[in-house]
Amino acid sequence: MTSPNKPRQLEPGDELDEFVATHDVALVEFYTSGCAMCQAMEPVLGNVARATDIAIGMINPRDDADLVGRFNVQSVPLLVLFEDGTETARLADGFQGGDAVTEFLATNVPDAVDAS
C-alpha cells in the first residue's frame, strides 16, 4: 500500500470508495489530463501529504459520467475532503498553493492537521 504521505493515484470505480473508507480523513483531487493547473497541484499535494500525514488521492474521472455526477464535478482541479467516508468540504477555486490547502485542511479537520 502507498505511504499515506504520498498522493495515491486512484482509478474510477470502487478504488475511490475503498480509499475513502480506509482512511479516517482523506483528501481527493479530481483532475483531468492536460489541465496545467491540475498538473501543478501534484507536487503541492505531495508536500501537503508529508506535512500533515493526511491521506491524499488523485482521480481522473475521464468520461465517467456517473462519477462526475456523483461528486458534482463542474471544474478541475477539485479538492474533496472526506471524514469517516463522508464528504465534509470541497475546494474548487482552481490552483491552490500548499499554504492554502493546509489552511483548508486546518479549518475543516484541525485535529488531523494538529496531530501531524
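The values are calculated or read from the model by the stated rules, or taken from the named source; none is laboratory data. It should be emphasised that the depicted structure is a prediction, and the values quoted were computed from it without experimental measurement. Using ideal geometry, Cβ is built from the backbone for each residue, glycine included, and neighbour counts are taken over all protein chains shown. The protein model used for the area step is the full one, side chains on, heavy atoms only, and it has no ligands, DNA or RNA in it. Shrake-Rupley method; radii C 1.70, N 1.55, O 1.52, S 1.80 Å.
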*asked:* Take the residues in the stretch 1-55 that are of a type in the set (D, E, K, R), within 19 Å of Glu87 (Cβ to Cβ) and not in a loop (DSSP other than H, G, I, E, B); name whichever of them is farthest from the chain's Cα centre (by Cα).
replied: Asp14
*Out of the stretch 1-26, which residues are β-branched (Val, Ile, Thr) and open to solvent by less than 80 Å² (accessible area, probe 1.4 Å)?*
Thr2, Val20, Val25
*Restricting the search to the stretch 19-47, which residues are more than 16 Å from Gly94 (Cβ to Cβ), without any contact (Cβ under 8 Å) to a residue 60 or more places away in the chain and in contact with a strand residue (DSSP E or B) (Cβ under 9 Å, 6 or more places away or on another chain)?*
Phe19, Thr22, His23, Ala26, Val28, Gly46
*Quickly run through the stretch 27-84 and pick out the residues that are open to solvent by 40 Å² or more (accessible area, probe 1.4 Å) and touching a Ser or Thr at 6+ places or on another chain (Cβ under 8 Å).*
Ala51, Asp53, Arg62
*Could you give me the residue pairs with C-beta distances under 8 Å whose first residue belongs to the stretch 89-104 and is part of a helix (DSSP H, G or I), whose second residue is modelled with pLDDT of 95 or more and small (Gly, Ala, Ser) wherever it lies, and which are 6+ apart or on separate chains?*
Phe104/Ala89
